[in-house]
1. Would you mind finding the one in Asn109, Asn66 that is open to solvent by 30 Å² or more (accessible area, probe 1.4 Å) and under 18 Å from the mean Cα position of the chain (by Cα)?
2. Checking Pro68 against (1) over 19 Å from Asp16 (Cβ atoms); (2) modelled with pLDDT of 95 or more: exactly one of these is not met. Which one?
3. Keeping to segment 119-154, report how many residues are surrounded by 15 or more Cβ atoms within 10 Å (Cβ to Cβ) and part of a loop (DSSP other than H, G, I, E, B).
4. Among the listed residues Ala115, Ala85, Ala81, identify the single one that is open to solvent by less than 40 Å² (accessible area, probe 1.4 Å), modelled with pLDDT under 95, within 11 Å of the chain's Cα centre (by Cα) and closer than 21 Å to Glu8 by Cα.
5. Which residues, counting only those in segment 41-61, are open to solvent by less than 90 Å² (accessible area, probe 1.4 Å) and either touching a Ser or Thr at 6+ places or on another chain (Cβ under 8 Å) or in a helix (DSSP H, G or I) (or both)?
6. Tell me, which residue of segment 69-78 that is touching a helix residue (DSSP H, G or I) at 6+ places or on another chain (Cβ under 9 Å) and outside any helix (DSSP H, G or I) is most open to solvent (accessible area, probe 1.4 Å)?
7. Being within 11 Å of the chain's Cα centre (by Cα) and closer than 18 Å to Gly58 by Cα is the filter; apply it to segment 23-39 and report the residue that is surrounded by the most Cβ atoms within 10 Å (Cβ to Cβ).
8. Of the residues in segment 14-31, how many are of a type outside the set (A, V, I, L, M, F, W, C) and assigned to a helix (DSSP H, G or I)?
Amino acid sequence: MEKRRTKENYYLDIADAALQRSTCLRRKYGAIVVSDDEILATGYNGAPRGRLNCSDLGRCAREELNIPSGERYELCRSVHAEANAIISAARRDMLGGTLYLVGRNASSNELVSDATPCAMCRRLIINAGIKRVVARTGDESYSVTEVEEWIENDDTL
């Protein structure tokens, strides 16, 4: 009998498929929001609707300025995958839900094994009422973060 794929990896596979729409030249991210075993929304990182993407321009301002990953997001053209997924669903439906996140290096397609939402996306996740974030760490492995930990261990003070 064939071993059935776990639900976590099933949803992470869908987030991995979503990132294929990403237009970022550095890192491609895909996210989905799931509640009561139902996919509510998907998202990937790219410029706001109607604006040119970095892939259209053929350049990344943060790359040109040698800005390390995780810093100076205000210089980035993209809306993050988590934010795009959250704005596509109603808060009442996301309450108690789970956000699944996968990241890949844009040039090598290598998995980002330490993918985690940035500080701004964490704030959005908290306000959306999402309870867990599941991030792919390997082909079959993942980490689970209880959002309550971000609230209790507030590092912004």
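The values are calculated or read from the model by the stated rules, or taken from the named source; none is laboratory data. Please read these numbers as outputs of a predicted model, since none were measured by experiment. Cβ coordinates were reconstructed from backbone atoms using ideal geometry, including for glycine residues, and neighbour counts include every protein chain displayed. Surface accessibility is based on the protein's heavy atoms, side chains included, excluding ligands, DNA and RNA. Shrake-Rupley method; radii C 1.70, N 1.55, O 1.52, S 1.80 Å.
1. Details: Asn66 fails: under 18 Å from the mean Cα position of the chain (by Cα).
Going through Asn109, Asn66 in turn, just one is open to solvent by 30 Å² or more (accessible area, probe 1.4 Å) and under 18 Å from the mean Cα position of the chain (by Cα): Asn109.
2. So the condition that Pro68 fails would be (2).
3. Total satisfying the criteria: 4.
4. Details: Ala85 fails: modelled with pLDDT under 95; Ala81 fails: modelled with pLDDT under 95.
After applying the criteria, what remains is Ala115.
5. Ala41, Thr42, Gly43, Tyr44, Asn45, Gly46, Ala47, Asn53, Cys54, Ser55, Leu57, Ala61
6. Per the criteria, the residue is Arg72.
7. Kept after step one, since they are within 11 Å of the chain's Cα centre (by Cα), are these residues of segment 23-39: 27-33.
Next cut, closer than 18 Å to Gly58 by Cα only: 27-28.
Working: Arg27: 18, Lys28: 25.
Checked segment 23-39; the qualifying residue surrounded by the most Cβ atoms within 10 Å (Cβ to Cβ) is Lys28.
8. Taking segment 14-31 as the starting set, the residues that turn out to be of a type outside the set (A, V, I, L, M, F, W, C) are 16, 20-23, 26-30.
Imposing the further condition that a residue be assigned to a helix (DSSP H, G or I) reduces the set to 16, 20-21.
Result for segment 14-31: 3.
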